[in-house]
1. How do the pairs read when you match residues in segment 77-101 that are in contact (Cβ under 8 Å) with a residue 60 or more places away in the chain with residues anywhere that are basic (K, R) and within 16 Å of the ligand (Cβ to nearest atom), using Cβ under 6 Å and keeping only pairs 6 or more apart or on different chains?
2. Would you mind finding the one in Y184, Y190 that is open to solvent by 50 Å² or more (accessible area, probe 1.4 Å) and touching a residue at least 24 places away in the same chain (Cβ under 8 Å)?
3. Checking H283 against (1) assigned to a helix (DSSP H, G or I); (2) within 21 Å of W462 (Cα to Cα); (3) not acidic (D, E), only one condition comes out false. Which one?
4. Six or more apart or on different chains, Cβ atoms under 6 Å: show the pairs whose first residue is in segment 246-266 and β-branched (V, I, T) and whose second is open to solvent by less than 40 Å² (accessible area, probe 1.4 Å) and part of a helix (DSSP H, G or I).
5. Any residue that is in a strand (DSSP E or B) and closer than 21 Å to F444 by Cβ - is there at least one of those in segment 291-311?
6. So which of K151, K156, K135 is in the same structural domain as V213 (by TED's automatic domain parsing), more than 29 Å from the chain's Cα centre (by Cα) and open to solvent by 30 Å² or more (accessible area, probe 1.4 Å)?
7. (1) part of a helix (DSSP H, G or I); (2) under 36 Å from the mean Cα position of the chain (by Cα): which one isn't true of W403, the others all being true?
8. Name the single residue, out of those in segment 473-506 being among the aliphatic types (A, V, I, L, M) and outside any loop (DSSP other than H, G, I, E, B), that is modelled with the highest pLDDT.
Amino acid sequence: MIRTGSEYKDSIRGTREVYVSGERVKDVTAHPMFKPLVDIRARIYDMQHDPATRHIMAYKEDGEWNAVNNKLPHTQADWWDKRRATDTVLEDVGGIVTRVGDETVGEMWSLFDGQDVLNEVDPQFSENIRNHIQKVLHHDPFHVSANTDPKGDRSKPPQEQDPDMLLHVVKETDQGIVVRGAKYETAAAYANQAFTKPTIANWGNSAYSDYAVGFICDLNSPNLKFICRTGFAGRAPADDYPLSNKFDEVDTLVIFDDVLIPWENVLFYRHTKAAMFIRATLHRYSAFAFTQRNLKLADMMIGAALFNVRQTGLDKQQAVQEKLAQLACYREGINAHLTAAITLSERSPGGLIMPNQSLLYSGRLLACSQLHEMMHLTRELCGGQICVTPDKASFDAPETKPWLDKFYTVNEDWVAEDRRKLLAFARDMLNSDYAGHRLTFQLFAQSPPFAHLAAVYRNFDWDGPMEFVKHAAGLSDSVLGETTRTPGDSAVSRWFDTQATRSAAE
Ligand SMILES: Cc1cc2nc3c(=O)[nH]c(=O)nc-3n(C[C@H](O)[C@H](O)[C@H](O)COP(=O)(O)OP(=O)(O)OC[C@H]3O[C@@H](n4cnc5c(N)ncnc54)[C@H](O)[C@@H]3O)c2cc1C
């Protein structure tokens, strides 16, 4: 089933206890700091019905339309469809929004893969994850992610400080578990549900812990409080800060003040093995949509830089072309990783099709770790005018307009208003408070850099290079230990084999 934008808006109105800038928000759909993003999310729902985009955003199964991005991935084609649906959204809204559902729903598929681990704990839990995946398809909720607790003093175990610094279970009842603590969650104040699970933690040798708990939290549950960081929308005119005013995704400290989680929403509880499993595999699917955002951001940077240098004829200079080529390489590096991750996709332990893990995680690392350098390169190419240009009010005021028209008109194709708009766009993308926020978002929002590196380490096929060196250096068999690998065995050679089998069959 696919919802409409107005059904989504109705689902987040009501009794939620949302605060921003020290004030209670009456209606999250109407408040100026939330409205732009709520409207974009509503637009995404409506795009699923719009005849112009429905065939990209939704698919029909058993006579019912479902969202492409909620579909469990069973084939490579499913991944191409997801990639296209996300691009279509970003192109339609004219900017980048990340926490809008497609980038988080895949976290649940990782747990779907962990059903064996859940079965060891309690078969009810693996049934719950299957039910929730079906529920996402049939109810089309706006789903977000909750991992990060305030944490407190990490040199001490949680029991030796305020125990609520990490979310934990305080009581079991016939209806479910009661949890207390807090989580940082982007978009929670205007979403429907959050997959809530432990942050990266050192569980030591403990088999059981009240902190090892994962569940789907209905964000309309009683006793939740949403304390949001102040939004960027409305702080300065939209003409001068076009991105801040439209694309800010408000982050929230969600307080769980003894919240009842019904048993059917509990995905694991007490067993640290399940918590460790989910931490290690959490982004197996969702890193794709997250990394895809960097590709679009790279396009935004290339476009802004190129328009700037073209305006003034600088693109004819070789040194400028080299800088543009560096941006293009960054962009194509991400593109290559995403494309290859689909082409060389792998079967998951749960039988799904997951992007090639080594390529996906190294693509995410490339995209996130070089972003600051690429932003700086773009800043350099745009030149100093992005930070010295007066605001639109000065371009409109009768006393200053003639001067600004004169000095900001480059030629007959580039009149002052277009130059002002381009500089305002570039400033908001590279220099504003919002720009810094976005950079930090890409650095941290899908776990911190050390965890990105750890994911690469866990998924890279180390045996390949070692086998090669063993052979090239003439080392004895004992140096590599037991391996089932045959020479030439790699994801690429397996792909060739599949192609050969396919052509033979044709
Ligand atoms: C804009 C934004 C949006 C976010 N949205 C969400 C969200 O929607 N849902 C969610 O759950 N979380 C969200 N987060 C939180 C994000 O997941 C965390 O910021 C991230 O996991 C890092 O945790 P931390 O901030 O507690 O930093 P810390 O854990 O304190 O880490 C800070 C730094 O300490 C060092 N460090 C810490 N531990 C280690 C270690 N074991 N090994 C090596 N170095 C280490 C690293 O340099 C690390 O970068 C968001 C964060 C930001 C900035």
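1. As it stands, the answer is I96/R293; T98/R293; V100/R41, since those pairs meet every condition given.
2. Checking each option against the conditions leaves just Y184.
3. So H283 meets the others, but not (1).
4. Every condition considered, the pairs that remain are T252/A188; T252/A189; V254/A188.
5. The answer is no; no qualifying residue exists.
6. K156
7. (2)
8. Within segment 473-506, the match that is modelled with the highest pLDDT is V479.
The values are calculated or read from the model by the stated rules, or taken from the named source; none is laboratory data. Quantities reported herein were computed from a predicted structural model and do not represent experimental measurements. Virtual Cβ from ideal backbone geometry, glycine too; neighbours counted across all protein chains shown. Each accessible area value is taken on the protein alone, full model and side chains, heavy atoms only, with ligands, DNA and RNA left out. Shrake-Rupley method; radii C 1.70, N 1.55, O 1.52, S 1.80 Å.
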